[in-house]
Amino acid sequence: MFFPPFNQDISRYERKFVVSDLHYAAILQAVRNHPAAFGVIFHPRYINNIYLDSNDLDFFYDNVSGKGSRKKARIRWYGDLTGAIQKPVLEFKVREGFLGNKLSFPLKPFNVDESLNMDVLKRVFDESDLPDWAYEVLQHLSPSLLNRYSREYFTTFDEKFRLTIDRDLSYHAIEPVNNTFLRSYRSDDFIVEVKYDFVHDKEAAFVTNNLPFRLTKSSKYVNGMEQLHPQLM
């Protein structure tokens, strides 16, 4: 599958911390007390994603194996998990190590309910204004996972580093046909993520070293697939 070449000049780092041994209040206090002076920049909101993968789950296995070059495709929207989705966005992420590029394209509205299947998504792709390469990639993909979480947004005083806290994580099995979303898994983990542009990497240690969390390799997509499809491992 063809993706545009990785562009380091527009890439950003994403450093993740999975926190399972602290309460939310302690995590929030650690962020507020950080010497880089993190402040709230946006109201909390729920994020929903439909992940797309090949029949052989190439994206999943590339991530599990620790492959340096990894790809991800998903449909993202905010607010309610089900019902009429008015502003869905198609996102492609290409990663080289900790660096990532993201390309986003608006999609036509659709419904997330028991009628959702691959035929519905194909019509959405057909009716949306997508570049040829993206449309071609989508011909080889189908829904593999649905997930949802609440996200809070912070930035440093100089606005060079953004931090997010994700909680209330849930994962739902999704198939190309006949979806009821009844098979699901909920996680009590918190995911703290620090994001910053490539040019600020030399300053990043000050930010990450002053967080009382352990840097981890984590993927919500992989975590959800492992819980709902343990036979894949």
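Can you name the residue in region 132-167 that is of a type in the set (D, E, K, R) and surrounded by 15 or more Cβ atoms within 10 Å (Cβ to Cβ) and, of all such residues, is nearest to F38 (Cα to Cα)? Spell out the reasoning first.
Narrowing region 132-167 to residues of a type in the set (D, E, K, R): 132, 136, 148, 151-152, 158-160, 162, 166-167.
So of that shortlist, the ones also surrounded by 15 or more Cβ atoms within 10 Å (Cβ to Cβ) come out as 148, 151-152, 160, 162, 166-167.
Numbers: R148: 25, R151: 15, E152: 12, K160: 11, R162: 8, D166: 16, R167: 18 Å.
So the residue we want is R162.
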Quiz prompt | Selection status of P35, assigned to a loop (DSSP other than H, G, I, E, B), more than 17 Å from Y153 (Cβ to Cβ) and within 21 Å of the chain's Cα centre (by Cα) | solution = no
Quiz prompt | Restricting region 108-142 to residues that are touching a helix residue (DSSP H, G or I) at 6+ places or on another chain (Cβ under 7 Å) and part of a strand (DSSP E or B), the residue that is nearest to V40 (Cα to Cα) | solution = F110
Quiz item: Out of curiosity, is D201 in contact with a strand residue (DSSP E or B) (Cβ under 9 Å, 6 or more places away or on another chain), exposed (fewer than 15 other Cβ atoms within 10 Å of the Cβ) and either closer than 17 Å to F38 by Cα or basic (K, R) (or both)?
Solution: no
Quiz prompt | Cβ-Cβ under 6 Å pairs, at least 6 apart or on other chains, region 176-191 side farther than 19 Å from N111 by Cα and of a type in the set (K, R), far side at pLDDT 95 or above and in a strand (DSSP E or B) | solution = R186/S170
Quiz item: Hey, does region 6-14 have a residue that's under 25 Å from N117 (Cα atoms), of a type in the set (D, E, K, R) and touching a residue at least 60 places away in the same chain (Cβ under 8 Å)?
Solution: no
Quiz item: Which of the residues spanning region 204-233 are in contact with a strand residue (DSSP E or B) (Cβ under 7 Å, 6 or more places away or on another chain), at pLDDT below 95 and in a loop (DSSP other than H, G, I, E, B)?
Solution: F213, R214, T216, S218
Practice problem: Evaluate the following for A36: is it touching a Ser or Thr at 6+ places or on another chain (Cβ under 7 Å), at pLDDT 95 or above and either buried (at least 16 other Cβ atoms within 10 Å of the Cβ) or under 30 Å from A205 (Cβ atoms) (or both)? | Solution: yes
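Of these, V120, V137, which one is in contact (Cβ under 8 Å) with a residue 24 or more places away in the chain and over 17 Å from the mean Cα position of the chain (by Cα)?
Values: V120 fails: in contact (Cβ under 8 Å) with a residue 24 or more places away in the chain.
The match here is V137.
Name the single residue, out of those in region 46-83 being of a type outside the set (S, T, N, Q) and in a loop (DSSP other than H, G, I, E, B), that is farthest from E96 (Cα to Cα). Please lay out each step first, then the result.
Quick first cut of region 46-83, residues of a type outside the set (S, T, N, Q) only: 46-47, 50-53, 56-62, 64, 66-68, 70-81, 83.
Now restrict to residues that are in a loop (DSSP other than H, G, I, E, B): 56-57, 66-68, 79-81.
Numbers: D56: 21, L57: 19, G66: 11, K67: 9, G68: 6, G79: 30, D80: 32, L81: 31 Å.
So, considering only residues that are of a type outside the set (S, T, N, Q) and in a loop (DSSP other than H, G, I, E, B), the one farthest from E96 (Cα to Cα) is D80.
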Practice problem: May I ask you to list the residues in region 39-57 that are surrounded by fewer than 18 Cβ atoms within 10 Å (Cβ to Cβ) and among the acidic types (D, E)? | Solution: D56
Practice problem: Filter region 204-227 down to the residues that are over 20 Å from I165 (Cβ atoms) and without any contact (Cβ under 8 Å) to a residue 12 or more places away in the chain, then identify the one that is surrounded by the fewest Cβ atoms within 10 Å (Cβ to Cβ). | Solution: A205
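The values are calculated or read from the model by the stated rules, or taken from the named source; none is laboratory data. Everything quoted here is computed from the prediction, not taken from an experiment. Methodologically, a virtual Cβ is constructed for each residue, glycine included, from the backbone with ideal geometry; neighbour enumeration extends over all protein chains shown.
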